[in-house]
Amino acid sequence: MPGKIAVLIPCYNEALTIGKVVNDFRRELPEADIYVYDNNSKDGTGDIARAHGAIVKLEPRQGKGNVVRQMLRDIEADCYLMVDGDDTYPADAARELCCPILEDRADMTVGDRLSNGTYAEENKRAFHGFGNDLVRAMIK
C-alpha cells in the first residue's frame, strides 16, 4: 500500500491515554508519521507523546477547530487519519480505513468509536449520546 500516511491527534490534557494511543497507532501503521497537536495542555500531554515517538506541535489558539485547521495547513500526506487522544478509536481498524483512500477507491472513510464501548465510558455528559445519534442520523 504505497502512499504517505499521517496520523493526526489533536489533544488537550490527554496525559493519561496519549502514550497508549501513539503506541497503538505506531504498531498498526509503522510507516505513518504520527502528529500530536497539543492545544495548551497543562498535564504534560506533549512531553508524553514526544517520549512515545510522536511529532509534537503546539497550537496555542484554543479549540479543536483551530487545531484541525492548523494540522491540515502544516502536514502533507496522501492519507490523513484523525483520531482523538483519549483512546476511543480502535487502532486495529487504521489500515482498513486507509486502504481505500491509498488505493484510490475512496476520497474519505469514517471510523466507528462507539461499538467498542470505551467512548460511552469516557463521555457521560447529559445529552452527549443524543447529540451523536442526531448527527449520525443527519449524515445517513
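The values are calculated or read from the model by the stated rules, or taken from the named source; none is laboratory data. Because the structure is a prediction, the values reported are computed rather than measured. Cβ coordinates were reconstructed from backbone atoms using ideal geometry, including for glycine residues, and neighbour counts include every protein chain displayed. The area values use the complete protein model at the heavy-atom level, side chains included, leaving out ligands, DNA and RNA. Shrake-Rupley method; radii C 1.70, N 1.55, O 1.52, S 1.80 Å.
Of note:
- Cα centroid separation, the range 40-56 to the range 67-95 (Å): 15 Å
- Label point distance in nm, Arg95-Leu16, each placed 7 Å from Cα along Cα→Cβ: 3.1 nm
- Using the average count of surrounding beta-carbon atoms within 10 Å as a protection proxy, the listed peptides 3-9, 70-76 rank, highest first, as 3-9, 70-76.
- Shape class for the range 1-90, computed from the alpha carbon gyration tensor (a ≥ b ≥ c): oblate, with a/c not under 1.5 and a/b at or below b/c.
- Probe 1.4 Å, protein heavy atoms only - accessible area per residue of the range 18-120 in square angstrom: 54 Å²
- Shown is the FRET efficiency for Leu58 and Asp104, computed with R0 = 35 Å from the Cβ-Cβ distance and rounded to the nearest 0.05: 0.55.
- Couplings for the range 17-30, taken from phi via the Karplus curve 6.51 cos²θ - 1.76 cosθ + 1.60 with θ = phi - 60°, read 10, 4, x, 5, 4, 4, 4, 5, 6, 5, 5, 7, 10, x Hz in order; Gly and Pro are left as x.
- In whole percents, the pair-distance distribution calculated for the range 1-49 from its alpha-carbon pairs, binned every 10 Å from zero, is 28, 50, 18, 3.
- Built amide H within the under 5 Å cut-off of Leu81, gap 5+: Ala6, Val7, Leu8
- Relative contact order, whole percent, for the range 1-110 stands at 36, derived from Cα pairs under 8 Å and 6 or more residues apart.
- Low-density loop cleavage sites - GluC sites (Glu not before Pro) in the range 5-55, where at most 14 other Cβ are within 10 Å (DSSP): Glu31
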